[in-house]
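J.: One structure, as structure tokens, below. Some questions next.
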Amino acid sequence: MQKEPITLTYDAIVIGGGIAGGEAALNLANNGYKVVLVESRLSVGGKMIMLSKVFPTLDCSACITTPKVSEISRHPNIKIFTESDITSIDKLGEQSFVVKMTQRPRYVVAEDCTACQLCEQACPVIVKDQFQYGLVGRKAVYIPFSIASPKVAAIDIDNCTLCGACEKVCPPGCIDFTMKPKEYIFNVKTAIVATGFRLYDPTNVPRYSYGTAKNVITSIQMERLLAPTRPFHTILRSSDGKVPDKIAYVLCAGSRDDSMGNPICSQICCMYSIKQAQLLLGALPMADITIYYIDIRAFGKGYDEFYEQAVSMGVRFVKGKIGKITEKENGNLTLRYEDVATGKLKEAEHDMVVLSVGVKPNKEAADLFKSHKLELDGLSFVKQSDPLLSPAKTSIDGVFVAGAATGPKDIPDSILSAGAASTEAISYLNQKSQ
Amino acid sequence: MKKKLGVYICACGGNISDYVDIERVREAVKDEDCVIMAKTTMFACGDSNQKDMEADIKENNLSGIVVASCSPKLHLTTFRGVSERAGLNKYNYVHANIREQASWAHSDNKPGATEKAIHLVKAAIAKARLAESLEPIVIESKRAVAVIGAGVAGLKAAISLARMNDDVYLIERDSKIGGKLNELETISPENISGKELLERLQKEIASEERITLITNAEVVASRGNIGDFKLTVRISGPQGNTEKEIHAGSVLVSTGFNSYTPAEGEFGFATVPNVITLPEFRKLMGGQKKAAEGGSGKLVYNGKEINSIAYIYCVGSRQVKGDNKYCSRYCCTAAVQASLDVRAIAPEIENFHFHKGIRTYGKQELIYKESNSKGDVYIQFMDKKPPVVSAAEGGISVKALDVLTEKRESEVIADLVVLVTGMVPDSDTSIGTLFKLPKGRDNFYNEIHMKLRPVETVIDGITIAGTCQGPKNVMESVNSSLSAAAKSHSFVSKGELELEPIIAYVNADTCNWCDACSKACPFNAVAMVETAGGQKASINKSTCKGCGMCLPVCPSDSIELISFTNRDMEDMIDVLAL
């Protein structure tokens, strides 16, 4: 075990390596500040790097995330720690924060790994791949995904049988089972919280049959099916390999409903569902796509036009909330809903159902701050202390917030809020030092 | 010495390889003159491929690379970075766009797309053979930013820039600052009025010594470029107009929006009494006390007590027939908020909302919920059947087919009709014209890329903030304004800037000054100089953008563009024509 934590000094810490955290770190670094960026997962890039294409321009998401990720990971003023958890942040005074962090062992020497994947081939253990949202399997030693950054293998020690097969085939010999967690202490002057959001867990709504009916999937799983680095290289039902031809989207699955534990609108689901519908019509030209909605919230620049485009492409929009989803013997699904247009209860059969799951807060951010309280709002998102005039300010002076940590946000809004957070952080660093 | 070239052909995860046979492209170009290696890759931009390229350049002593992938608009800087890190001058890298120009353009013809890709890559190789190392042009950048428009976005940008130690010229057309904040009553979700926000901002502006506020002022001329914009500002005063020149390294445009003005007769506007717009309604409420704070509990308009109000949404937005196809984003929340505010003044009032689907996105949903729980009635009308407003006995009749009641007609007789008007671009477009700022389909100013460069414009050094870029609420305007401030700051903070060396140059031996090039130049970069050999054209290195407009008009063919010389182009065309 390491005796003393490693102590390092930076101007700013950015917590979370998604698109908001990355953008904030870049803004600071480009203005000459030294930044440490801490990510809890194996790769930076957050949710955006996992997406297929983005609305309303249909740019390939990987194509616009990778240059950012690459810029972040190579920037001389940015140091990235992945697979790392912050354990405490204490504010000693203005421009003086002490951050304690633990980096979990990867059991692979990152500097030496060439991502040759021989270890993956040798490993006998197969478990569900969390980066493909459970659609396919992965090995116990694995590269998170093809465009991960860093692109380095890691061992999932909980599932590893310690058989040593990977160690034998690794050309540079970079597997190291003796790795221990590493402790760090950072002295920083300001902090940006960019911890993002969690997706709503649809098993909270048993009547939607997620987890029990095989062909009910979530929208993020559909993102993976549609992505350039998609697991099957086509759209199919992973349960039986059938190519679906009648796909339903259930909007507000975990939004705008107190009984589901989320009273607010998740802001992104209408648009990503409309985008997926358009992509599906491209991939499966003969398929019927139906979107069941309460209201279509296409509010951003070019969004309403994008919605109108989906309508003209032949996507069916049905105003009605889905009450219940039941699985039939052949794996198809029966959807019960109130058709608002006719006021009648109706049933429809689909061979694949996509739940457009909503946005929930990552409450953990608040627990990191020990000496001062990082306040949350009534919905458990990070509270903005001055939402109208300084949207990035929090209850702690010198701690700013970016992206979906304050509430649901699409990518453009997340990036703008990250710009705001970095401006506030630079102002804070400048002003107090005078 | 003979060049040693490496060629990389990207699959773009299927975006290219689904239509272009990249292996065939590789085969076809691998034996081209000077090519010593040719590879295909899943994602050329991916981190691991970038590392491989760096290693290839170093190990094989490559003197040039060709990347065949997406548009250079996306990844030019990525691969220039790769070259630099590997010790190769970045101008020895040449890009071929085989996605937008081959795979996407010809997805219906795979062999044709492959053939075209081969030609494009060969042409890029031809150019790479001639490529030369270049050094960027370094210019001084004034540590000052001109902020045009002093609404909430401009004010916040100015304060933030000053706090980042930049000098700021805040230029406002009007005699007072604050823009639309002066008209806003309650702003969701804070229950603060625009005036209160403005008072705070005024104090902050006054305490920042770096901010020079110029009101009653218009920018009438602009010379120069990023690093040194020279703006002429006309200030109108009691003694007539004065002019002032301002030097700034960057310009931040925050000129805001106008509220849509309905046409005469549009939903009864200006033809039926008591039909007003949302801003007028907010003004009406502005003078009233809340019932709980000792108000009369009544709302009176035109001498009549208002007991019921009908709100018609999407007036000037999401038009089926008109030009404004876009959603104005802020108005659903603003109207629902106004309907809650009016209940606070006159608790007995009945609210009827005629809408096209309420868009209280995100946390704003909570005020919609509150409104529903207070008994407001929401009637959704059909896109193609907007409500009909007419004068009726005892009030104003609003009729619409209600989506919720099987399209049966609902009629409400209201005392007041509020037209929920959207945002339209500011009618004063002089700033856009002056700087040649591009506009989107919606006529708001356009950013370069909504996600990668959301506050920059194609004019280097000019950023856009707030509602001049598109409809936004106050919080969203401020976020965009602070983002634009970060970007403008980065243009001026280092005191110098590096510019592209790919610019035009004049061959003085053959030039017989005729003025054709200077007339063709959109950037005023060409000037006449007297030399011993007579009058010649001369090009300003910091203003020339390398657009090439001067080249074809030169009768003596005396202008060349670095990196795109006649020789470069002819070699490329030779390959393409094969």
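J.: Working only within segment A:209-247, note down all residues that are within 18 Å of the chain's Cα centre (by Cα) and among the basic types (Lys, Arg).
T.: Listed by number, the residues that qualify are A:ARG224, A:ARG230.
J.: State all residues of segment B:347-406 that are polar (S, T, N, Q), outside any helix (DSSP H, G or I) and free of Cβ contacts under 8 Å to residues at least 24 places away in the same chain; if no residue qualifies, say none. Can you show your working first?
T.: Here is the first cut: in segment B:347-406, the residues polar (S, T, N, Q) are B:351, B:360, B:364, B:371-373, B:380, B:390, B:397, B:405.
Then keep just the ones that are outside any helix (DSSP H, G or I); that gives B:351, B:360, B:380, B:390, B:397.
Once the filter is applied, which keeps residues that are polar (S, T, N, Q), outside any helix (DSSP H, G or I) and free of Cβ contacts under 8 Å to residues at least 24 places away in the same chain, segment B:347-406 yields only B:SER397.
J.: Moving to a separate point now. Name every residue in segment B:174-202 that is part of a loop (DSSP other than H, G, I, E, B) and either of a type in the set (D, E, K, R) or away from chain A (no Cβ under 12 Å) (or both), in order of residue number.
T.: So in segment B:174-202, the residues part of a loop (DSSP other than H, G, I, E, B) come out as B:174-178, B:184-185, B:188-191.
Across segment B:174-202, the qualifying residues are B:ASP174, B:SER175, B:LYS176, B:ILE177, B:GLY178, B:GLU185, B:GLU190.
J.: Please name all residue pairs, on different chains or six or more residues apart, with Cβ atoms under 6 Å, provided the first residue is in segment A:174-203 and is closer than 26 Å to A:SER390 by Cβ and modelled with pLDDT of 95 or more and the second residue is among the hydrophobic types (A, V, I, L, M, F, W, C) and part of a loop (DSSP other than H, G, I, E, B).
T.: So the pair list comes out as A:ILE192/A:ALA402; A:ALA194/A:ALA402.
J.: Wholly within segment A:132-247, which strands (runs of 3 or more DSSP E) include no fewer than the required count, namely at least 1 residues that are touching a helix residue (DSSP H, G or I) at 6+ places or on another chain (Cβ under 7 Å) and not acidic (Asp, Glu)?
T.: A:137-139, A:190-193, A:197-199, A:216-218
J.: Among the residues of segment A:393-421 satisfying the criterion of being touching a residue at least 24 places away in the same chain (Cβ under 8 Å) and hydroxyl-bearing (Ser, Thr, Tyr), which is nearest to B:ALA485 (Cα to Cα)?
T.: Ranking the qualifying residues of segment A:393-421, first place goes to A:SER417.
J.: Only one of these is without any contact (Cβ under 8 Å) to a residue 60 or more places away in the chain and away from every other protein chain (no Cβ under 13 Å): A:GLU71, A:GLU39. Name it.
T.: Step by step, each of A:GLU71, A:GLU39 is checked, and only A:GLU39 is without any contact (Cβ under 8 Å) to a residue 60 or more places away in the chain and away from every other protein chain (no Cβ under 13 Å).
J.: State yes or no: is A:GLY378 assigned to a loop (DSSP other than H, G, I, E, B) and within 14 Å of chain B (Cβ to nearest Cβ)?
T.: So A:GLY378 fits the description; yes.
J.: Now for a separate question. Across segment B:73-115, which residue is farthest from the other protein chains (Cβ to nearest Cβ) among those that are part of a strand (DSSP E or B) and touching a Ser or Thr at 6+ places or on another chain (Cβ under 6 Å)?
T.: Filtering segment B:73-115 for residues that are part of a strand (DSSP E or B) and touching a Ser or Thr at 6+ places or on another chain (Cβ under 6 Å), the one farthest from the other protein chains (Cβ to nearest Cβ) comes out as B:TYR93.
J.: When segment B:524-578 is examined, which residues are found to be within 30 Å of the chain's Cα centre (by Cα) and hydroxyl-bearing (Ser, Thr, Tyr)?
T.: B:SER542, B:THR543, B:SER563
J.: Just checking, how many residues over segment B:536-572 are assigned to a loop (DSSP other than H, G, I, E, B), among the basic types (Lys, Arg) and either surrounded by fewer than 18 Cβ atoms within 10 Å (Cβ to Cβ) or assigned by TED's automatic domain parsing to the domain that holds B:ALA117 (or both)?
T.: Summing the residues that are assigned to a loop (DSSP other than H, G, I, E, B), among the basic types (Lys, Arg) and either surrounded by fewer than 18 Cβ atoms within 10 Å (Cβ to Cβ) or assigned by TED's automatic domain parsing to the domain that holds B:ALA117 (or both) in segment B:536-572 gives 1.
J.: Among the residues of segment B:242-289, which ones are part of a loop (DSSP other than H, G, I, E, B) and either closer than 30 Å to B:THR212 by Cα or in contact (Cβ under 8 Å) with a residue 60 or more places away in the chain (or both)?
T.: Residues satisfying the conditions are B:GLY249, B:SER254, B:THR255, B:GLY256, B:TYR260, B:THR261, B:PRO262, B:PHE269, B:VAL272, B:PRO273, B:ASN274.
J.: Yes or no: segment A:317-336 includes at least one residue that is buried (at least 21 other Cβ atoms within 10 Å of the Cβ), at negative phi and among the acidic types (Asp, Glu).
T.: no
J.: Filter segment B:447-475 for residues that are within 28 Å of B:ASN524 (Cα to Cα) and facing chain A (nearest Cβ under 9 Å) and give the result.
T.: Passing the criteria: B:GLU447, B:HIS449, B:PRO454, B:VAL455, B:GLN469.
J.: Residue check: is A:GLY93 without any contact (Cβ under 8 Å) to a residue 12 or more places away in the chain and farther than 25 Å from A:SER239 by Cα?
T.: yes
J.: For segment A:283-306, give me each residue that is within 9 Å of chain B (Cβ to nearest Cβ) and either under 26 Å from B:VAL455 (Cα atoms) or assigned to a loop (DSSP other than H, G, I, E, B) (or both).
T.: A:ILE294, A:ASP295, A:ILE296, A:ARG297, A:ALA298, A:PHE299, A:GLY300, A:LYS301, A:GLY302, A:TYR303, A:ASP304, A:GLU305 - these are the residues of segment A:283-306 that are within 9 Å of chain B (Cβ to nearest Cβ) and either under 26 Å from B:VAL455 (Cα atoms) or assigned to a loop (DSSP other than H, G, I, E, B) (or both).
J.: Related question: Test B:ILE98 against the stated conditions and say whether it is crowded, with 18+ Cβ neighbours inside 10 Å, under 32 Å from the mean Cα position of the chain (by Cα) and assigned by TED's automatic domain parsing to the domain that holds B:THR232.
T.: No: the conditions fail for B:ILE98.
J.: Report the residue count in segment B:418-456 for those that are under 29 Å from B:CYS332 (Cβ atoms), assigned to a loop (DSSP other than H, G, I, E, B), touching a residue at least 60 places away in the same chain (Cβ under 8 Å) and not hydrophobic (A, V, I, L, M, F, W, C).
T.: Looking only at that region, the number is 6.
J.: Next up: Mind checking which residues of segment A:401-417 are more than 8 Å from chain B (Cβ to nearest Cβ) and either crowded, with 24+ Cβ neighbours inside 10 Å or in a helix (DSSP H, G or I) (or both)? Outline the logic, then answer.
T.: So in segment A:401-417, the residues more than 8 Å from chain B (Cβ to nearest Cβ) come out as A:401-406, A:410, A:414.
Across segment A:401-417, the qualifying residues are A:VAL401, A:ALA402, A:GLY403, A:ALA404, A:ALA405, A:THR406, A:SER414.
The values are calculated or read from the model by the stated rules, or taken from the named source; none is laboratory data. This is a predicted model, so every value here is computed, not measured. All Cβ positions, glycine included, derive from the backbone under ideal geometry; neighbour counts span all protein chains shown.
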